[in-house]
1. Two decimals is fine: what's Rg over Rh for segment 1-68, C-alpha atoms, Kirkwood radius as Rh?
2. Could you list the trypsin sites (Lys or Arg not before Pro) in segment 148-193 that lie in coil according to DSSP, counting only those with at most 11 other Cβ atoms within 10 Å of their Cβ?
3. Ranked from highest to lowest mean number of other Cβ atoms within 10 Å per residue, what is the order of the peptides 53-64, 233-244?
4. Could you name the lysines whose alpha carbon sits less than 18 Å from that of residue 85, not counting residues in the same chain fewer than 8 places away?
5. Taking only DSSP H segments of four or more residues, each worth -39500 (n - 2.57), what value at 222 nm results for the chain once the sum is divided by all its residues, to the nearest 500 deg cm²/dmol?
6. Determine, from the Cβ-Cβ distance of residue 259 and residue 75 and an R0 of 45 Å, the FRET efficiency 1/(1 + (r/R0)^6), rounded to the nearest 0.05.
7. Compute the signed sum of charges (Lys and Arg +1, Asp and Glu -1) over the other residues within less than 11 Å, Cβ to Cβ, of residue 246.
8. If you count only protein heavy atoms and use a 1.4 Å probe, how large is the accessible surface of residue 163, to the nearest 10 Å²?
Amino acid sequence: MFIDSHCHIDFPELAARLPEIFGKMRENQVSHALCVSVDLPDFPRVLALAEQHANLYASVGVHPDYEDTPEPSVDDLIRLSDHPKIVAIGETGLDYYRLEGDLEWQRERFRRHIRASRATGKPLIIHTRSASEDTIRIMREEGAGTDKGGAAGVMHCFTESLEVAEAAMEMGFYISFSGIVTFKSAKELQAVALAVPLGRMLIETDAPYLAPVPFRGKMNEPGFVRHVAEFIAKHKGVPLEEVARQTTGNFFRLFKIAC
Ligand SMILES: [Zn+2]
Ligand SMILES: [Zn+2]
């Protein structure tokens, strides 16, 4: 069985076809999915999905690409995460690719998410794009992943260098690979996937974006995470069952879900 550790099936284009999406998950033995929050106004619909479906979990956080949106305080994040199906804080992080100018507000927002994670013991879901130096620096400055009980987190949809992966793993973080790793052009990322041990790895779709080969360019969905696992298995030369067993175990361990 496989788990999609990061998807956005509350987005309208996916929410409109949920029965089909759940069918595709079953067909591909994708047992669970984590629905990741991107802003506070849409948080209720993410939470509703997790409340209505036993095999779905959710997070609370505000994405670094959302500029004109209510800013969450540390207390907001702590209060909203106080729910058994909210298993993480995020997605949060830094994105200097999509936005330009003075992005101090992004760094401040990121710091508040790390503080909420440390206060609640719920792990972080970190998004980083063209900003890995500041991301790692702020994680260190804020003590991400240093608490007893190990509320570290995951570097989601990882596309950075092995050095960045190692710095994050040193702080207790997992590295999550999406469909990008299956792309022919992703040679450097494939080398990183070879070096990251299965014991520190998660898999995800980030649906509706970034469908893996052979669905590249189509709308992504959680059932397709199986293709990420198949690629990793072939690439590392290990049985598919081993990738399934380890990434699933990592998911339940990181998000403290009893299974
Ligand atoms: Zn992201
Ligand atoms: Zn995402």
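The values are calculated or read from the model by the stated rules, or taken from the named source; none is laboratory data. The shown structure was predicted, so the numbers you read here are calculated from the model rather than taken from an experiment. Positions of Cβ are backbone-derived with ideal geometry, glycine not excepted, and every protein chain shown enters the neighbour counts. Areas reflect the complete protein model, heavy atoms only, side chains present, ligands, DNA and RNA absent. Shrake-Rupley method; radii C 1.70, N 1.55, O 1.52, S 1.80 Å.
1. Numbers: Rg = 12.1 Å, Rh = 12.4 Å.
Reported Rg/Rh, Kirkwood definition of Rh: 0.98.
2. 148, 184
3. Values: 53-64: 22.8, 233-244: 14.5.
Ranking, from highest mean packing down: 53-64, 233-244.
4. Filter leaves 122, 256.
5. -12000 deg cm²/dmol
6. Working: r = 31 Å, r/R0 = 0.69.
The computed FRET efficiency comes out at 0.90.
7. Values: positive: 200, 236, 245, 253; negative: 241, 242.
Residues near residue 246 contribute +2 overall.
8. Here the residue's solvent-accessible area equals roughly 130 Å².
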